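> Pasting in a structure now, in structure tokens, and then I'll have a few things to ask.
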């Protein structure tokens, strides 16, 4: 087409037709949607990039515990003594240099459930809440049965599926590896409970074991000290209504004490310590060839190791 | 409506409301104690009710958007009714899920400290936006009529004067402005409703710990389910609540009926995929769970309520009696009501059965079991939500210009009405 040719006269502008009107509406809607999508994308990227953790780190977290006189620790000593000593070393480091691990020797577990009950007593757990049940499998048909026991604390996963789902940033992975819950922030939606493949999270329904008896027993009304705070269950107050889980007795660790389940284990089947200390017992045990983790195919990278 | 029917419905409502208020009071005072969900089956009736109502909302909203966006002229008279239904069912959904929270009065934290990495935070933000859009849309659609009502006495006049934010009859250019923005918002609402209801599906399907939910089909299944159940509800609502039942009304209802039939058939195909793929070779965790859905203790929920009442009868009614107003309405009601069983059969089986076999024997406690049947208290709270929603719907139906004939929102292609006469 010859560019110099006179262009044909422009057609007269049509009166505002429904199509023009539509286009205006669609353009405005498209602008709003594009803006909203951009804001949403930024929020999503920010949300995925931000590490939710409100814990202090560095020198401020170093704990200097008073020296405790103890029996000599040698290769014949009770492993509890060695682990207590290692614990004192670990808490003398800044929190981000510790990495708590638990090793459970299933060959030594007799299925006494003492750890479960010790944990209930330590944390004043109500009905419906349990941190460390002992999974009991029956092999064979009654009466020709054998039993297999697997204590199941929280795995304190390195890739926890429960923390990123929290809609209100109430749970996170601490620098020392423990997955913590802030009861004052948790709204009790239960999403984290569904996200855990180990069923390691439970919700406090506000019940008491002795509520239907003549007297509500005082031991149930005692406060617990989870996460180093004072929690008294009463009415609708936290931790009632919250997601609750095993935290390796963090409040005890900070005072140089082993988790209650470790201390109580009658067969010394549970070991605990700093996986980031090459000389520690758990570091040694977790590297054994017979070490396995539960549901490894879920990709959660647990910090609880089982010796089989 | 005949007088005895009216009395019967009021009596029914009063019974449901009385039981519901008792359930509500119990929930507020005693918390979760009387509920049967526990620590392992953490979500039960209320979460199912939540996704059920929210599906109805998204479905009726998408239907209303179809009217305003694509100018489906046939349906334009029911646009407001659809929008209002969407608002009421969304409200019912939010109340249901609010009761499920362990700490109800911390719900505001979703807004003040959201974690946008979490699907649940997204869902809350998206449905907040969705609520705002729906309320503004409804107001824009009703504004001209609200202005017209101002001269009337009684509650109508009061509603007109309070809500119109304009004195006297609405000038044509303002009405045109309202309809323009109504259309803009309706267009914005479509992807929003898809994102938000797909997001509810994603809330479940993103959890790798629950293989029953962890399927990419889940968000699509949620969307289709929303359209089917919301469309069914709309067919019923239009037939039952639209003041006129002339030829045009019948045409609208049978049009919705045909759309619902198509969607229902598509939903059946998706459901076939959802069941047949994990079950085909009869091995695995999902197979066991699906077998419990199909042939477990609650087999009748799937076969009788869902398949029989929710699929077969509506498909027959819509296929062979598609022109009959009340057949379509009945089919719609059956689909809408029985869809609750689909929601229950998504939520509960997903939580049955631990990965760690033997966990059920680890600790004897009534909340640490892998078995769940809703308690009467849970049904009572759901009754409260239903009574509240139906009351709200009735109030809107009585005191808002949702259906009156003069209230037909003039749509874009009708704008010639405003052009000066030659």
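The values are calculated or read from the model by the stated rules, or taken from the named source; none is laboratory data. Keep in mind the model is a prediction, meaning the values are calculated, not measured. All Cβ positions, even for glycine, are placed from backbone atoms using ideal geometry, and neighbour counts span all protein chains on display.
> Can you confirm whether segment A:239-246 contains a residue that is more than 16 Å from the chain's Cα centre (by Cα), assigned to a loop (DSSP other than H, G, I, E, B) and buried (at least 21 other Cβ atoms within 10 Å of the Cβ)?
yes
> Now a separate question. From the set of residues in segment A:52-63 that are under 28 Å from residue A:86 (Cβ atoms) and within 14 Å of chain B (Cβ to nearest Cβ), which is nearest to the chain's Cα centre (by Cα)?
If we take residues in segment A:52-63 being under 28 Å from residue A:86 (Cβ atoms) and within 14 Å of chain B (Cβ to nearest Cβ), then A:53 is nearest to the chain's Cα centre (by Cα).
> Say we look at segment B:320-359 and pick out the residues that are facing chain A (nearest Cβ under 10 Å) and crowded, with 20+ Cβ neighbours inside 10 Å; which of these is farthest from residue B:292 (Cα to Cα)?
B:359
> If you check residue B:131 against the conditions, is it free of Cβ contacts under 8 Å to residues at least 60 places away in the same chain, more than 12 Å from chain A (Cβ to nearest Cβ) and more than 21 Å from residue B:23 (Cα to Cα)?
Yes; evaluated as a whole, the condition is true for this residue.
> For segment B:78-111, enumerate the residues that are outside any helix (DSSP H, G or I) and in contact with a helix residue (DSSP H, G or I) (Cβ under 7 Å, 6 or more places away or on another chain).
B:107
> State yes or no: is residue B:40 under 23 Å from the mean Cα position of the chain (by Cα) and within 14 Å of chain A (Cβ to nearest Cβ)?
When the stated conditions are applied, residue B:40 does not pass them.
> Take segment B:333-376 and flag every residue that is free of Cβ contacts under 8 Å to residues at least 60 places away in the same chain and over 30 Å from residue A:114 (Cα atoms).
Matches in segment B:333-376: B:337, B:338, B:341, B:345, B:376.
> Checking residue A:75 against (1) outside any loop (DSSP other than H, G, I, E, B); (2) surrounded by fewer than 21 Cβ atoms within 10 Å (Cβ to Cβ), which test does it fail?
(1)
> Picking from B:261, B:223, B:290, which residue would you name as being closer than 19 Å to residue B:351 by Cβ, away from chain A (no Cβ under 14 Å) and in a helix (DSSP H, G or I)?
B:290
> Pick from A:166, A:154: which is in a loop (DSSP other than H, G, I, E, B), touching a helix residue (DSSP H, G or I) at 6+ places or on another chain (Cβ under 9 Å) and either under 21 Å from residue A:204 (Cα atoms) or more than 10 Å from every other protein chain (Cβ to nearest Cβ) (or both)?
A:166
> Could we say that residue B:4 is surrounded by fewer than 23 Cβ atoms within 10 Å (Cβ to Cβ) and modelled with pLDDT under 95 here?
It is true that residue B:4 is surrounded by fewer than 23 Cβ atoms within 10 Å (Cβ to Cβ) and modelled with pLDDT under 95.
> Among the residues that make up segment B:103-111, is at least one of them surrounded by fewer than 21 Cβ atoms within 10 Å (Cβ to Cβ), within 12 Å of chain A (Cβ to nearest Cβ) and in contact (Cβ under 8 Å) with a residue 12 or more places away in the chain?
yes
> Could you pull out the residue among B:114, B:191 that is within 25 Å of residue B:65 (Cβ to Cβ), without any contact (Cβ under 8 Å) to a residue 40 or more places away in the chain and within 14 Å of another protein chain (Cβ to nearest Cβ)?
B:191
> Within segment A:171-211, count every residue that is part of a loop (DSSP other than H, G, I, E, B) and facing another protein chain (nearest Cβ under 8 Å).
Of the residues in that region, 14 qualify.
> Among the residues of segment A:288-301 satisfying the criterion of being surrounded by 13 or more Cβ atoms within 10 Å (Cβ to Cβ) and within 12 Å of chain B (Cβ to nearest Cβ), which is nearest to the chain's Cα centre (by Cα)?
Out of the qualifying residues, it is A:300.
> Also, I was wondering about something else. Go through B:322, B:247, B:296 for me and flag whichever is more than 22 Å from residue B:336 (Cβ to Cβ) and modelled with pLDDT under 90.
That would be B:247, the only listed residue that is more than 22 Å from residue B:336 (Cβ to Cβ) and modelled with pLDDT under 90.
> What are the residues in segment B:112-124 that are buried (at least 19 other Cβ atoms within 10 Å of the Cβ) and assigned to a helix (DSSP H, G or I), if any?
B:119, B:120, B:121, B:122, B:123, B:124
For (1) modelled with pLDDT under 95; (2) in contact with a helix residue (DSSP H, G or I) (Cβ under 6 Å, 6 or more places away or on another chain); (3) buried (at least 23 other Cβ atoms within 10 Å of the Cβ); (4) at the interface with chain B (Cβ under 9 Å from one of its Cβ atoms), each residue gets a yes or a no:
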| site | (1), (2), (3), (4) |
| --- | --- |
| A:100 | no, no, yes, no |
| A:103 | no, yes, yes, no |
| A:115 | no, yes, yes, no |
| A:138 | yes, no, no, yes |
| A:143 | yes, no, no, no |
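> Out of all the residues in segment B:45-62, is one or more surrounded by fewer than 19 Cβ atoms within 10 Å (Cβ to Cβ) and within 14 Å of another protein chain (Cβ to nearest Cβ)?
Within segment B:45-62, none of the residues are surrounded by fewer than 19 Cβ atoms within 10 Å (Cβ to Cβ) and within 14 Å of another protein chain (Cβ to nearest Cβ).
> Do we have any residue at all in segment A:212-223 that's within 11 Å of chain B (Cβ to nearest Cβ) and assigned to a helix (DSSP H, G or I)?
no
> Another question, then. Here are some conditions: (1) within 11 Å of another protein chain (Cβ to nearest Cβ); (2) in contact with a helix residue (DSSP H, G or I) (Cβ under 9 Å, 6 or more places away or on another chain). Residue A:42 meets all but one. Which one does it not meet?
Checking residue A:42 against (1) within 11 Å of another protein chain (Cβ to nearest Cβ); (2) in contact with a helix residue (DSSP H, G or I) (Cβ under 9 Å, 6 or more places away or on another chain), the one that fails is (2).
> If you don't mind, another one. Restricted to segment A:251-308, and to residues that are without any contact (Cβ under 8 Å) to a residue 40 or more places away in the chain and part of a loop (DSSP other than H, G, I, E, B), which residue is nearest to residue A:158 (Cα to Cα)?
Selected residue: A:287.
> I need the full set of residues from segment B:360-387 which are buried (at least 20 other Cβ atoms within 10 Å of the Cβ) and more than 20 Å from residue A:127 (Cβ to Cβ), in order please.
Of everything in segment B:360-387, those that are buried (at least 20 other Cβ atoms within 10 Å of the Cβ) and more than 20 Å from residue A:127 (Cβ to Cβ) turn out to be B:380, B:381, B:382, B:383, B:384, B:385, B:387.
> Among A:180, A:195, which is in contact with a strand residue (DSSP E or B) (Cβ under 7 Å, 6 or more places away or on another chain) and surrounded by fewer than 24 Cβ atoms within 10 Å (Cβ to Cβ)?
A:180
> Please pick out the residue among A:206, A:228 that is in contact with a helix residue (DSSP H, G or I) (Cβ under 9 Å, 6 or more places away or on another chain) and surrounded by fewer than 20 Cβ atoms within 10 Å (Cβ to Cβ).
Unique residue meeting the criteria: A:228.
> Look through B:180, B:214 and report the one residue that is within 14 Å of chain A (Cβ to nearest Cβ), surrounded by fewer than 19 Cβ atoms within 10 Å (Cβ to Cβ) and modelled with pLDDT under 90.
Being within 14 Å of chain A (Cβ to nearest Cβ), surrounded by fewer than 19 Cβ atoms within 10 Å (Cβ to Cβ) and modelled with pLDDT under 90 holds for just one of B:180, B:214, which is B:180.
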